[in-house]
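For reference, the structure is listed below as structure tokens.
The values are calculated or read from the model by the stated rules, or taken from the named source; none is laboratory data. What you see is a predicted model; the values in this text were computed from it and never measured. Virtual Cβ from ideal backbone geometry, glycine too; neighbours counted across all protein chains shown. Areas reflect the complete protein model, heavy atoms only, side chains present, ligands, DNA and RNA absent. Shrake-Rupley method; radii C 1.70, N 1.55, O 1.52, S 1.80 Å.
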Amino acid sequence: MGKVLGIIGGGQLGMMLTEAAKKMPEKISKIIVLDPTLNCPAAKVGAQQIVASFKDENAIVDLANQSDILTYEIESGNSKVLKSVEDKVEINPSPETLQIIQDKLIQKKILAENNIPVADFFEIESLSDLKNKIPNFGFPVLLKVRRDAYDGRGNIKINSESEIKSAYDSFDGKSLFLEKFIDFKMEVSVIAARNTKGEIATYPLVENIHEENILRMTIAPARVSSAISEKAKQVAIRTMEVLKGAGVFGIEMFVTENNDIMINEIAPRVHNSGHHTLQSSKTTQFEQHLRAILGLELGNTELVYHTIMYNILGPKDFTGKYKPVKIESDNVFLKMYGKEESKPKRKLGHFNVVGRNNENVDHLLERVNKIKNSIQIVSINNS
Ligand code: ATP
Ligand code: MG
């Protein structure tokens, strides 16, 4: 008999995990997600849903009682509550690992202690503390929240003396840290998996292009030398050994001007920059995550086709129901997440342009540019 899989979060990541789980019925017989939005993306593809906030203690206990194995698609779950239900259900990645990662300051301290390169940082306790510590780095410098940041919403770049106070005040008393600004030449990531037996596998390095702090495009493989890819792979493996949890992790990194690798942050879950694996690889990151948490042998991570993933985001000037998106083009795979309403910058779907005819990345980029210009998110009421 397969196991009941519980997932905290039923957005697009929970949806694609659900789809992968449904392909292994002998291992997973049922999927239940906890998500506040009624009929969330995962529910639309066949997961049962508990409708409640991610932090709702009773709902997490309820999910734990109904599940054999618990995982999550968001890192903001309540790790203390998860710890309290560990006797009822196996949780992967473990609440200890989650606790480390969800506080970016603790995450950085642990990485730094283990000689994994990260940007220099200081804990910040007050406005005067901030003023005193900025000269260690000079301007510009980044002020970041320790917890619950996403899509760049927890970061402010401080460019001069006059911006310090307003930056500090805008965080409204949240716990903060200060980070050295890295003049990177590229943002990259490694999707890495560690199974419950401690075996580790990494996907090839990919290149991430952000627009206004949101991931817009992932190019697989990254346009870097093999020496840099190998360095990133070793950093990722070392990170997985240090953090220990089982599952797929998204490890965001910078390539510095000196061709060094530095970790920006880690997501203890499947990651947007791994969506290319839906078509580019023998094992998708979603299947890999399930294999890792179930203690199965990890799948093949080889990049079979060069692929570019492009995120479809809600336009800035529109909120509401939108017309269905269609793409008709060879070797282009559209994935919409079934979200009923568009909101500014909301991730509504993505498409993968797959180099099945051995096209190089430059050629794929040309195709992406044509297709992205043809996609319009418009109100269902527009004639
Ligand atoms: P997301 O959910 O998109 O990953 P986040 O809110 O968790 O965002 P970070 O990943 O810490 O935030 O930062 C968002 C972006 O800001 C990074 O992808 C990078 O472009 C830039 N950034 C972060 N830290 C630094 C740094 N130390 N130096 C320069 N740029 C940085
Ligand atoms: Mg990030």
Determine which single condition Asp148 fails, assuming it passes every other condition in (1) closer than 30 Å to Thr284 by Cβ; (2) touching a strand residue (DSSP E or B) at 6+ places or on another chain (Cβ under 9 Å); (3) within 14 Å of ligand 1 (Cβ to nearest atom); (4) open to solvent by 50 Å² or more (accessible area, probe 1.4 Å).
(2)
Taking Lys343 as meeting all but one of (1) open to solvent by less than 30 Å² (accessible area, probe 1.4 Å); (2) modelled with pLDDT of 95 or more, write down the number of the exception.
(1)
Go through (1) more than 17 Å from the chain's Cα centre (by Cα); (2) surrounded by fewer than 22 Cβ atoms within 10 Å (Cβ to Cβ); (3) not small (Gly, Ala, Ser) for Leu70 and report which single condition fails.
(2)
Mind checking which strands (runs of 3 or more DSSP E) fall wholly inside the range 137-241 and carry at least 1 residues that are away from ligand 2 (no atom under 16 Å from the Cβ)?
141-145, 155-158, 176-180, 184-194, 200-202, 214-220
I'd like to check which helices (runs of 4 or more DSSP H) are fully inside the range 57-110 and have at least 1 residues that are of a type in the set (Ser, Thr, Tyr), at negative phi and touching a Leu at 6+ places or on another chain (Cβ under 6 Å).
79-84, 95-102
Report the residue count in the range 111-136 for those that are out of contact with any strand residue (DSSP E or B) (no Cβ under 9 Å at 6 or more places or on another chain), open to solvent by less than 90 Å² (accessible area, probe 1.4 Å) and in a helix (DSSP H, G or I).
2
How many residues does the range 155-173 hold that are surrounded by 13 or more Cβ atoms within 10 Å (Cβ to Cβ) and either without any contact (Cβ under 8 Å) to a residue 12 or more places away in the chain or aromatic (Phe, Trp, Tyr) (or both)?
3
Given Gly46, Gly10, which one is open to solvent by less than 70 Å² (accessible area, probe 1.4 Å), of a type in the set (Gly, Ala, Ser), outside any helix (DSSP H, G or I) and closer than 30 Å to Ile263 by Cβ?
Gly10
Go through the range 279-317 and report how many residues are of a type outside the set (D, E, K, R), open to solvent by 30 Å² or more (accessible area, probe 1.4 Å) and under 15 Å from Lys347 (Cβ atoms).
1
Search result, residues across the range 242-257 that are assigned to a loop (DSSP other than H, G, I, E, B) and either open to solvent by less than 30 Å² (accessible area, probe 1.4 Å) or within 16 Å of ligand 2 (Cβ to nearest atom) (or both)
Gly245, Ala246
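If you go through the range 31-43, how many residues are buried (at least 18 other Cβ atoms within 10 Å of the Cβ) and over 15 Å from Asp62 (Cα atoms)? Steps first, answer last, please.
First, pick out the residues of the range 31-43 that are buried (at least 18 other Cβ atoms within 10 Å of the Cβ): 31-35, 40-43.
Checking which are over 15 Å from Asp62 (Cα atoms) leaves us with 40-43.
Residues meeting the conditions: 4.
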Got a number for residues in the range 258-278 being within 12 Å of ligand 1 (Cβ to nearest atom), open to solvent by 10 Å² or more (accessible area, probe 1.4 Å) and over 19 Å from Ser76 (Cα atoms)?
1
Which of the following residues is more than 21 Å from Thr256 (Cα to Cα), crowded, with 17+ Cβ neighbours inside 10 Å and in contact (Cβ under 8 Å) with a residue 40 or more places away in the chain: Val85, Val89?
Val89
